[in-house]
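Notes to accompany the following structure.
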Amino acid sequence: MSTPLPRWLRAAVACCTTLAAASTGTLLALPAAAAAPAPPGAAAQYPDYAPTPPMGWNDWSYYQCGIDEKTILDNAHALVTTGLAKKGYDTVTIDDCWMSRQRDAKGALVADPALFPDGMAYVGRQLHQLGLKFGIYEDAGTSTCGGYPGSLDHWQQDADLFASWEVDYVKLDGCNVPTKPGETEEQSYRDTYTAMSTALLNTHRPIVFSISAPAYFQGAANWESVIRWSAQLGNLWREGADIALGQAPGREKWASIKDNYGYNVGLPALQRPGRWNDPDFLLAGDSGLSQDEIQSQTSLWAMMAAPLISSTDLTHLSPAALAVLGNEDVIAVDQDRLGVQGKVVQHDTGYDVLSKPLAGGDRAVALFNSSDTAQTITTTAARAGLPSAIGYALHDLVTKQVTGTTGVISADVPPHATVLYRVHPGATRGAAPATALTWQDISTAEAPGTYRITLADHGAVPLNDTRLRVTAPAGWTVTPATTALPRVEPGGTASATVTVHGPQGTPGTTVTAITATASYRARPTAVDTVSGDRTIVQTVPYPSLAAAFDNVGTTSESAPAPGNFDGNGDSYSTQALAAAGATPGATISANGLGFTWPSSAPGTADNVSAAGQQITLTGQGTALGFLGAEAGFTAGTVTVTYTDGTTSTGQLGFPNWCCSPTDAYGAKTAFTTDHRNTPTGPANYGTTYGVFTNTVPLTPGRTIRSVTLPDAPALHVFALTVQP
Ligand code: GLA
């Protein structure tokens, strides 16, 4: 392509390759590949400049192109003042968009003088004075992903320039790498990365080399082959899709954390000490993610011996996020000198257990609840690869609690959370026994909301004076709220039955955590406790499509700023829509379907970002018609629920609102507009921004009760209708 793909399109393409790669089971480890010898003709093995996984900060996910000298240095200072630098986060990498659009007369790269008025050597000096290392971004192609000059055919010139700036770390992206005539795409990538690897070596400066080539082959048959030669040429490699950007909604960030975990966790055989798989940035500190989610990401990255590279605004880091990033016990798991990537040792729907050997004979064991409801995850020391022993000390690396088990490793893990233990084989005298609570739904039609809560003793001593207390948010009742349990013997259990009732939720999905806490005496001088949650998910249909609004689809040209149809602040123009007949409340007839255009004012939420909402609808027909578009290359499943309780499903996708084939997913164009609104005003005249129709089949003769939209926020639904 002569022009680089817009970033949103690249992200979308990357997203879809990830999905394709993950479709065999996102959280399942891929079969371990045997270590292959270096391929013939390989370049010299790049030196081990990163004996443990690199740590630091990179601006990209949070700022993208909104960087300048001050942003970089303010964040660098924050690394120092927060204490993160001392804990190992020592490399500050300036990502894309730091350059001028043109090289100078001698072909040298030039830092954008408006953004970096003191030049890059100055920035490097400032970083070095702070005791930090200096990282910089370039690209192996004709231009970077952002369209700035790439290093292609300027290898030595660029490497020498970086060395003269005292750069310590180079991230070389892989956008716009041309395939040379007569070569395969892989060969051309390999040539370019080999050239930069050699050029960096020639500088005689120890520069950590981060390679992005494998990310451009994710999902392809030769993905592993690209990773293997990347491991010869550099110290770490991005092998998959980008982590979500800072401004993405929290649920998208969490989905991308799970995706990146999913593709990285299958690759332990491809890394080794000094050669690291890189599943991309840590998002701790970003908005929209829960404490459990940022802790999970950091713990899982540590289990995978992944680079720990924060990409957030460190100048406004909350104490809670700082505690996650700065947890030295978790960092020690990541940086362990054995340098082994942890593996999945147990997997089932909604959870993974990972184990990572550590120097000295301990193991780190992670219980990762990838599901949306709390669950008790149970494994054993033997399954986690520990030698047989009389007992094991479980150090919870987040709560710092130490308990002793005779072999079972178990915890009730909240949704999206990860419990991370350092497991030490040997006597556990003095430690509280390891215990766990399990909730089991034993509801019947006559007794809804009935649960059995079981306390298990995995330690070597009994539990006495045991009480169970269940707490719930206001409006909920638990009966009984407290119960005495019988004494629990080592290896034994005791249970109580409770009923839980709550208010009817409001339209949408309401998630409520009910917490059980058992207290007991197992040690002479202490009362110990263990807690476990039940997650109750209530879904109440919205009364109408309009009531489920959560996104702004259209803006007026006189006030375009509140729009954000595509996630980048751009939306349909009300005026351009009106020219096509789409005015508030208007009937849109297209492709044999009749819809009512939303009646809300421009700049207010007037379309739906499909996120699994359930919407009340009635009628009978052959098909359900949708009017909409998408801004992210996704399709998803629509579920129709009928009054008799049966359901049917169909796939719904729309073409992108602009710039892609207009018949994608079997959709048809309803009408088109000739420009869009950006936050600063109408733009992109002459580009077609379309609205499309698509249908999913209905079960004939059944009456619809509700429709559940796909869980795909990039899909936007303006209207729906029942086709008779
Ligand atoms: C690619 C990389 C990102 C970032 C951007 C910059 O998407 O994967 O990490 O460097 O390019 O344009």
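The values are calculated or read from the model by the stated rules, or taken from the named source; none is laboratory data. Since the model is a prediction, treat every value here as computed from it, not as a measurement. A quick note on method: Cβ atoms are made from the backbone with ideal geometry, for glycine too, and the neighbour counts reach across all protein chains shown.
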Self-check item: Residue among 381, 359 that is more than 26 Å from the chain's Cα centre (by Cα) and over 23 Å from residue 490 (Cβ atoms)
Solution: 359
Quiz item: Looking only at region 208-235, which residues are within 17 Å of residue 61 (Cβ to Cβ) and outside any loop (DSSP other than H, G, I, E, B)?
Solution: 210, 215
Quiz item: Name the pairs: first residue in region 97-123 and within 19 Å of residue 64 (Cα to Cα) and assigned by TED's automatic domain parsing to the domain that holds residue 136, second residue outside any loop (DSSP other than H, G, I, E, B) and small (Gly, Ala, Ser), Cβ to Cβ under 8 Å, at least 6 apart or on different chains?
Solution: 98/111; 99/111; 100/111; 111/119; 120/111
Practice problem: Enumerate the pairs (first residue in region 131-159 and within 23 Å of residue 57 (Cα to Cα) and in the same structural domain as residue 60 (by TED's automatic domain parsing); second residue anywhere and part of a helix (DSSP H, G or I) and near the ligand (Cβ under 10 Å from one of its atoms)) with beta-carbon separation below 7 Å, excluding pairs fewer than 6 apart on the same chain, so at least 6 apart or on different chains. | Solution: 145/7; 145/10
Quiz prompt | Every residue from region 129-151 that is surrounded by fewer than 23 Cβ atoms within 10 Å (Cβ to Cβ) and not in a loop (DSSP other than H, G, I, E, B) | solution = 129, 133, 143, 149
Quiz item: Regarding residue 173, is this residue buried (at least 22 other Cβ atoms within 10 Å of the Cβ), acidic (Asp, Glu) and at pLDDT 95 or above?
Solution: yes
Practice problem: Can you run down the residue pairs with Cβ atoms below 8 Å, 6 or more apart or on separate chains, where the first is in region 188-202 and not assigned by TED's automatic domain parsing to the domain that holds residue 233 and the partner is part of a helix (DSSP H, G or I)? | Solution: none
Exercise. Name the one entry in 522, 513, 460, 436 that is among the hydrophobic types (A, V, I, L, M, F, W, C), in a loop (DSSP other than H, G, I, E, B), touching a residue at least 60 places away in the same chain (Cβ under 8 Å) and in contact with a strand residue (DSSP E or B) (Cβ under 8 Å, 6 or more places away or on another chain).
Key: 460
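Conditions (1) of a type in the set (A, V, I, L, M); (2) more than 20 Å from residue 147 (Cβ to Cβ); (3) in contact with a strand residue (DSSP E or B) (Cβ under 9 Å, 6 or more places away or on another chain); (4) at pLDDT 95 or above, marked per residue:
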{"residue": "63", "(1), (2), (3), (4)": "no, no, no, yes"}
{"residue": "74", "(1), (2), (3), (4)": "no, yes, no, yes"}
{"residue": "83", "(1), (2), (3), (4)": "no, yes, no, yes"}
{"residue": "90", "(1), (2), (3), (4)": "no, yes, yes, yes"}
Exercise. Look through 84, 115 and report the one residue that is away from the ligand (no atom under 14 Å from the Cβ), buried (at least 20 other Cβ atoms within 10 Å of the Cβ) and either outside any loop (DSSP other than H, G, I, E, B) or not charged (D, E, K, R) (or both).
Key: 84
Exercise. Report yes if residue 619 is without any contact (Cβ under 8 Å) to a residue 24 or more places away in the chain, on the phi > 0 side of the Ramachandran plot, touching a strand residue (DSSP E or B) at 6+ places or on another chain (Cβ under 9 Å) and exposed (fewer than 15 other Cβ atoms within 10 Å of the Cβ), otherwise no.
Key: no
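Here is a yes/no grid of residues against (1) within 29 Å of the chain's Cα centre (by Cα); (2) farther than 23 Å from residue 578 by Cα; (3) exposed (fewer than 15 other Cβ atoms within 10 Å of the Cβ):
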| position | (1), (2), (3) |
| --- | --- |
| 632 | yes, yes, no |
| 669 | no, no, no |
| 676 | no, no, no |
| 698 | no, yes, no |
| 708 | yes, yes, no |
Quiz item: Does residue 212 meet the test of being within 14 Å of the ligand (Cβ to nearest atom), under 28 Å from the mean Cα position of the chain (by Cα) and more than 30 Å from residue 550 (Cα to Cα)?
Solution: yes
Practice problem: Kindly indicate which of 157, 187 is at pLDDT 95 or above, touching a Gly at 6+ places or on another chain (Cβ under 7 Å) and assigned to a helix (DSSP H, G or I). | Solution: 157
Quiz item: What is the residue count in region 374-402 for residues that are farther than 25 Å from residue 338 by Cβ and touching a Gly at 6+ places or on another chain (Cβ under 8 Å)?
Solution: 3
